[in-house]
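Note sheet for the following structure.
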Ligand SMILES: Nc1nc2c(c(=O)[nH]1)N[C@H]1C(S)=C(S)[C@@H](COP(=O)(O)O)O[C@H]1N2
Ligand SMILES: [Mo]
């Protein structure tokens, strides 16, 4: 027995081993949970982004975009690995003091399991983190017990720590590949023959009406932008989902997924744009959504709301506050382009509020809280004023050289529910203007249009300027304004070179 104890104590340095255990734990968690809230790094990242000073978040997510978020995720990844490493190192130290084989390993596994359950609330998935950590910590005990020659024990210990580190890295790589699989949401949408036919007709109509311009996003976006407060999206089950209507009403109301999808629905084109995007940014897109008017849901619940406001809450702890009047004209949405809503866009149910900035179109919706008084939403608390109507914009993303030597320029124009009636292009920096070709209008009260224009290349560098007109003929304001806090304005200008 004393011999065993001595062997365990002598079994090599633990820093590499602890680190290996940390890596193995995070990797194992990812292997089981994938990129979902069950992955131990997810709650750490969410906590980091909620705790970040307002000024940082204001710009980090909306302006730095995915880069800010990736930095945050990386920080959370490193922190969690170190936390696990610390747990493994301390447990191993205690195990060596006790001198009974595998006590350290069992302790490390238990502690990591406990930490992971506390963070994620998912006891079974937490085994994905706990078991690899326990295993890594157990390796030196195994080697030490197996080594017969006392003189080689320390060496064996050192070698095994390196071996475990190598194995942990390999395991991490494997988990990264395997864990990045499957995703809920975005699957088949159960709907009647008739509804499916309508959806297909509308998608075909959008394809037909899209201008034939190389490199121009079609009228139904192929790559719809996302903006999220967390790197890891909620992973909500439709069967478990319900929407509760609470707050300043006589009695709470609950609506299940089946209740919602059992109601009469419509296929609707609705465009979205993020208040935080730069003037010629790319956070503006359009899709065909399967929607139920919120007015119908309220009627079904016998609610005739005359309160001022509503606070929508979501599974990622996001929340937004805006007028009940806007809510009444909004939609609950469970389908996108003929499929179930993809997880990234709010599966199983989100809201769409026509004409308003993207931020109030709450994804992974869980609750509608009726308020007697106005309050601040997630972004408003951080200084933004993004709950109102969108500003008018003509984006300019495409410059093509045609075979006949002419130049083709193109983009999208959007003015929310005010609509777009005309787009003008200047190829001399704003001196003279000509009408661009517009894509035919799609049905719907809140849909963008494409514009395109061709001209003879002037043979020298020139500024091309674009401006849109709203449905009633109002010209888009020329005044330049930054995105913060109410959305960018101004005419987009791009310098086009002669070749
Ligand atoms: N639950 C939740 N809803 C959300 C957000 C979010 O982070 N969480 N982001 C909002 C913002 S700022 C925008 S611009 C839109 C973007 O919708 P999309 O990701 O489907 O394009 O979702 C809004 N709804
Ligand atoms: Mo946004």
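The values are calculated or read from the model by the stated rules, or taken from the named source; none is laboratory data. Source: prediction; values computed, not measured. Reconstructed Cβ throughout: ideal geometry from the backbone, glycine too, with neighbour counts over all protein chains shown.
List of remarks:
- Residues in region 475-497 that are within 18 Å of residue 399 (Cβ to Cβ), in contact with a strand residue (DSSP E or B) (Cβ under 8 Å, 6 or more places away or on another chain) and outside any strand (DSSP E or B): 491 alone.
- Matching residues, region 259-279, being buried (at least 19 other Cβ atoms within 10 Å of the Cβ) and either farther than 23 Å from residue 195 by Cα or within 11 Å of ligand 1 (Cβ to nearest atom) (or both): 270, 271, 272, 273, 274, 275, 276, 277, 279
- Any chance residue 380 is at pLDDT below 95, within 16 Å of ligand 2 (Cβ to nearest atom) and under 23 Å from residue 442 (Cβ atoms): no
- Filter result (buried (at least 16 other Cβ atoms within 10 Å of the Cβ), at pLDDT 85 or above and either within 14 Å of ligand 1 (Cβ to nearest atom) or more than 23 Å from residue 376 (Cβ to Cβ) (or both)) within region 42-79: 42, 43, 44, 45, 46, 72, 73, 76, 77
- Considering only residues in region 1-36 that are at pLDDT below 90 and outside any helix (DSSP H, G or I), the one that is surrounded by the most Cβ atoms within 10 Å (Cβ to Cβ) turns out to be 11.
- Test: residue in region 242-250 that is surrounded by 18 or more Cβ atoms within 10 Å (Cβ to Cβ), touching a residue at least 24 places away in the same chain (Cβ under 8 Å), within 16 Å of ligand 1 (Cβ to nearest atom) and not in a loop (DSSP other than H, G, I, E, B): yes
- Taking region 303-361 as the region of interest, the strands (runs of 3 or more DSSP E) fully inside it that hold 1 or more residues being on the phi < 0 side of the Ramachandran plot and within 14 Å of ligand 2 (Cβ to nearest atom) are 309-314, 319-323, 350-352.
- Here residue 39 meets the list (1) in contact (Cβ under 8 Å) with a residue 60 or more places away in the chain; (2) assigned to a helix (DSSP H, G or I); (3) buried (at least 23 other Cβ atoms within 10 Å of the Cβ) almost entirely, failing just condition (2).
- Among the residues of region 280-294, none qualifies, meaning not one is in a helix (DSSP H, G or I), more than 12 Å from ligand 1 (Cβ to nearest atom) and modelled with pLDDT under 95.
- Candidate set from region 379-407 (those that are in a loop (DSSP other than H, G, I, E, B), touching a helix residue (DSSP H, G or I) at 6+ places or on another chain (Cβ under 8 Å) and within 16 Å of ligand 1 (Cβ to nearest atom)); member that is farthest from residue 448 (Cα to Cα): 383
- Test: residue in region 393-415 that is within 16 Å of ligand 2 (Cβ to nearest atom) and under 30 Å from residue 307 (Cβ atoms): no
- Qualifying positions in region 423-474 - part of a loop (DSSP other than H, G, I, E, B) and buried (at least 21 other Cβ atoms within 10 Å of the Cβ): 427, 436, 439, 447, 448
- Residues that are free of Cβ contacts under 8 Å to residues at least 60 places away in the same chain and in a strand (DSSP E or B) within region 408-422 comprise 413, 420, 421, 422, listed in sequence order.
- Qualifying residue in region 254-275 (condition: within 30 Å of residue 452 (Cα to Cα), within 16 Å of ligand 2 (Cβ to nearest atom) and in a loop (DSSP other than H, G, I, E, B)): yes
- Here residue 427 meets the list (1) under 29 Å from residue 202 (Cβ atoms); (2) touching a residue at least 24 places away in the same chain (Cβ under 8 Å) almost entirely, failing just condition (1).
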